[in-house]
1. Using the Karplus curve 6.51 cos²θ - 1.76 cosθ + 1.60 with θ = phi - 60°, work out ³J(HN,Hα) for each residue of the range 419-434 in order, rounded to whole Hz, and write x for Gly and Pro.
2. Percent of accessible area on the range 326-471 owned by carbon and sulfur, 1.4 Å probe?
3. Checking the a/c ratio against 1.5 first, then a/b against b/c, what shape does the Cα gyration tensor give for the range 312-395?
4. Which whole-number value in Å² is the accessible area per residue of the range 28-227, probe 1.4 Å?
5. Name the residue from Ala416, Ala292, Trp338 whose Cα lies farthest towards the positive end of the charge dipole of the chain, charges +1 on Cβ of Lys and Arg and -1 on Cβ of Asp and Glu.
6. Using alpha carbons only, how many angstrom separate the centre of the range 252-281 from the centre of the range 63-86?
7. What residues qualify as long-range amide H neighbours of Leu28, i.e. H under 5 Å apart, gap of 5 or more or another chain, H built at 1.01 Å from N?
8. Place +1 on the Cβ of every Lys and Arg and -1 on the Cβ of every Asp and Glu in the chain, take the dipole about the Cα centre, and give the residue among Met213, Pro114, Ala251 whose Cα lies farthest towards its positive end.
Amino acid sequence: MVRLAALTMLLTVCALLLAVCAGCGSKLAGPAGAGDPYFPQMGNGGYDVLDYNIDLTVDPAAGPVDGTVLVRAAATQDLDSFDLDFVGLHVKSVQVDGRAARFERKGQELIISPPVRLRAGSTFDTLVAYSGTPQPLHAADGSILGWQRSGDTIFTLDEPEGAATWFPVNDTPLDKATYTFRITVPEGYVAAANGVLAQNIANGAGQTFVWQMKEPMASYLAAVAIGKLVLKEPQDPSGVPIRNYFAEGLADAATKAFASTGDVLAYYIDTFGPYPFESYGVAVPDADTQGAMENQTLSLFGRNVVEKDMTDPTGDAIFLSHELAHQWFGDSVTLAHWSDIWLNEGFATYCSWLWIGHSQGKAAFDKQVSDARDAVVSQKWPAPGKAPANDLFNGGVYDRGALTLHAVRLTVGDDAFFRILRTWADRYRYKNVTTADFVSLVQEISGKDLHALIDSWLYDSTMPALPGGGL
Ligand SMILES: [Zn+2]
């Protein structure tokens, strides 16, 4: 009894101390990162973004952008300050719930202190006004990320950390949100973005294109393409509206290169389940984009990809089908951590092999498998589950990642394997996943514990042999 009384007294004192502490002016700051070991500064903590409303006036020929971004978010803790990721550009003002907020910038963090404490569970609106000419980032692997301009053509390629070059963002795949883009460009230019074109408004000397992405989207998939673009809307047998935006001079070549989009969509819907978004299409700006990118509902392909890599039937099919497969695997079902990049790239690569097999026959599929196996050996890529942060997109995550799925398929059989793919797309639609989620789904569907097999494919320095020794 005495001990209990003493304990009660101690607890009371602690509670009082906590209450005093909470009221004594200590600042409650949201964490400056989202906990990704590869990119510790990316993303932030303390809130969950619900919606971005991005309003940009763009001068494509000269480069400057004038923007406001309204970020609607729910606080997940009490907050005296919180961060957005934002790189470069000049921040003119920040408001929270309509009142001026103090802000400072440290590296990629835009640190915002609202005039009153935000309470856990409350929804709040942050309005950031900014201007300047966005500058792309140069990543460790030599790629260029973010907002990019070539002549009077603009495109964005954000994966993994380029989004912060053009809008203030909680730049982590874990915080998906809906988006509206209002992009004003001079007469003669077209602005394409993710989702559905809701409005096209004549606006003084230019036009405002209003795009709405109503399904949740990871920030690295946010996309804008601006240029003298022509719209092509081919019929799709599956009923998914396709709108392609091609640079004027590339329209004929691109129309030809993407003619099979509807057929691939139909095959994927049949194989993986419903298409997860309202529309699909590609943007082909008149620029060298390095590679292609699976921006949600609007994959990006550059002049270089269309003119060079899509001239042979297999290359053409691989590029087209790879980015389209990402709409299910990567965009709708998204990695939780960048170290699991094989969940994006291994899946999309394997899906493109499936399409090649479906459209060109088993020998063509087998060739993809054996070519990949040879490439993994000759190129000495690291194991796909250990992709280094500074070489995230090395060939191993594609080829050996895809071979990992093939090893699973050869072990569990086609029926279980395709049920795994369909369940993966359905159960985790618009969500985030880890390798452990995949291993447990394989076990759930197939009844087999493939933990050791998947581990050896993902993490062993030497690539295992395919089960049964065959293709
Ligand atoms: Zn990919």
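The values are calculated or read from the model by the stated rules, or taken from the named source; none is laboratory data. Note that the structure is a prediction, hence the values are computed from the model and not measured. Positions of Cβ are backbone-derived with ideal geometry, glycine not excepted, and every protein chain shown enters the neighbour counts. For the accessible areas, the whole protein counts, side chains as well, though only heavy atoms, and no ligand, DNA or RNA atoms are used. Shrake-Rupley method; radii C 1.70, N 1.55, O 1.52, S 1.80 Å.
1. With coefficients 6.51, -1.76 and 1.60, one gets 5, 4, 4, 5, 5, 4, 5, 7, 5, 9, 4, 6, 10, 10, 9, 10 Hz.
2. Working: 2780 of 5470 Å².
Of the solvent-accessible surface of the range 326-471, carbon and sulfur hold 51 percent.
3. Since a/c reaches 1.5 but b/c is at least a/b, the shape of the range 312-395 is classed as oblate.
4. With the other protein chains kept in place, the range 28-227 gives 36 Å² per residue.
5. Trp338
6. 35 Å
7. Asp80, Ser81
8. Positive-most Cα among the choices belongs to Pro114.
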